[in-house]
Every structure is written in structure tokens, then in C-alpha cells.
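Here the structure is laid out as C-alpha cells; the discussion comes afterwards.
None of the figures in this text is laboratory data; all of them are computed from the coordinates on show. What you are looking at is a predicted structure, and each value in this text was computed from that prediction instead of being measured. Neighbour counts are summed over all protein chains in view; Cβ atoms, including those assigned to glycine, are modelled from backbone coordinates with ideal geometry.
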Amino acid sequence: MPRRFGSVDRFQRKGRSDKGRKRSMYNGRPVRTKRYYKNEKKIRNQGILKVWVWQRVPRSQESKNKFSPRVRPFMARHPITIFRMRHDLDVKEIDCKWKIERFFEENYWGGTFLLMGFSHGKNRYHVKPVKLCEVIVHESPNGLRARFYRDFRMQKYKWFWKG
């Protein structure tokens, strides 16, 4: 029971015997460990993958001016990302590096792009977008060339191979 204001204890109150350690029992029942709650991953054969494409662009002078003068030089380094398009792709179209590069050469223009997928994690919008890879598209004498730059999360998928 809590002590009333102004009162004095005649003897020391009993504290928890397991203070500083994990509880083994709570409310008369054994405590479940995290391992108990662990769920198996949903591994399924994916036919169609929903992806977003975001473009990474340098920060404009107008947006830099919104920050305080002391912070502006540091914020200039950080680019911003702009949503470009959503695609429902068959996994056979993007199952290796050169197919992803070809997809960006055909559909996009010069710049740095992020291919975003969705994980099973949930946020307040009930989906969690994650970076799958980064692709740089640049002009060359032979036309547009794409380069698969960073493999953030593609190795997670069984169907992806680095060919």
C-alpha cells in the first residue's frame, strides 16, 4: 500500500526478492519468453510483387532556406526522395541484376532511383515500405544505361539470383 503523506513507517517494507532479475512468475502464472511468441515467417511463392519506385534528387535551395543558417550546410548533403510510380511486377521480370537494369532503362530517365518493396512489418498505414535496391540510370553515347548499385534486401528473396 502507498504511504500516506506525513506518515512514518515503523519497519521497512518488503521489497521484491527478484529485484534486478527477470520474473519467472507474474500474477501466479509463469512468464512467457519472447521465444514463445516468435512466429514463423510467411514464405510463399510470390508471383506478383508490388513495388514503388522513388527518385533521389538533391535538395532545392528553397527547401534549404527553411532550416536555420547553422544547419543549412549539413542539410545540403542530404538528398530528398520523391515518389514516382507503383508497379505490379512479375518476379520473373526482376529476378536478377541485369533484368532490373533493363527494366529501368526502358521505363525511366537519368537519375538515381530506389526500388521499394513491402515487408510484413506494420506501421500506422498497415504496410512497411523497405528499400530493395538502388539503381543509377545515366546517359551514354549508346543511350540510357542503368547500373544496379546497392543490394539492400534482394538476397532475402528466394527467386533473386545475382546473375
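Listed values, structure above:
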quantity: Relative exposure of PHE11, PHE118, judged by other C-beta atoms within 10 Å (fewest first); calculated: PHE11, PHE118
quantity: Listed residues GLY110, GLY28, GLY121, most fluctuating in the chain (Gaussian network, C-alpha, under 10 Å); calculated: GLY28
quantity: Per-residue HN-Hα couplings for region 131-145 [Karplus 6.51, -1.76, 1.60; θ = phi - 60°; Hz; x = Gly/Pro]; calculated: 6, 8, 7, 10, 10, 10, 10, 9, 7, 9, x, 8, x, 6, 10
quantity: Kirkwood estimate for region 48-156, i.e. one over the average of 1/r between Cα atoms, Å; calculated: 15.5 Å
quantity: Bridge type composition, the chain - antiparallel percent by DSSP, nearest 5; calculated: 95 percent
quantity: Relative contact order (%) - criterion: Cα under 8 Å, at least six apart; region: region 48-156; calculated: 26 percent
quantity: Nonlocal amide H pairs with LEU132, under 5 Å, H built at 1.01 Å; calculated: LEU115, MET116, GLY117
quantity: For the chain, size of Cβ-based charge dipole, Lys and Arg +1, Asp and Glu -1, in debye; calculated: 1920 debye
quantity: Residue exposure sequence - GLU139, GLU93 - by fewest surrounding Cβ within 10 Å; calculated: GLU139, GLU93
quantity: Region 118-163 - convex hull of the alpha-carbon atoms, volume per residue in Å³; calculated: 105 Å³
quantity: When each of LYS66/LYS162; LYS64/LYS92; LYS64/LYS162; LYS97/LYS122; LYS92/LYS128; LYS22/LYS50 is checked by Cα-Cα distance, pairs over 32 Å; calculated: LYS66/LYS162; LYS64/LYS92; LYS64/LYS162; LYS22/LYS50
quantity: 5 angstrom amide H check on ARG59, placed H, neighbours 5+ away; calculated: ILE80
quantity: Gaussian network model of the chain, Cα within-10 Å springs - most flexible of LEU115, LEU89, LEU132; calculated: LEU89
quantity: Positive dipole terminus of the chain, leading residue within SER24, PHE74, ASN107 (C-beta point charges); calculated: SER24
quantity: Protection proxy ranking of 15-22, 74-81 - average other beta-carbon atoms within 10 Å, highest first; calculated: 74-81, 15-22
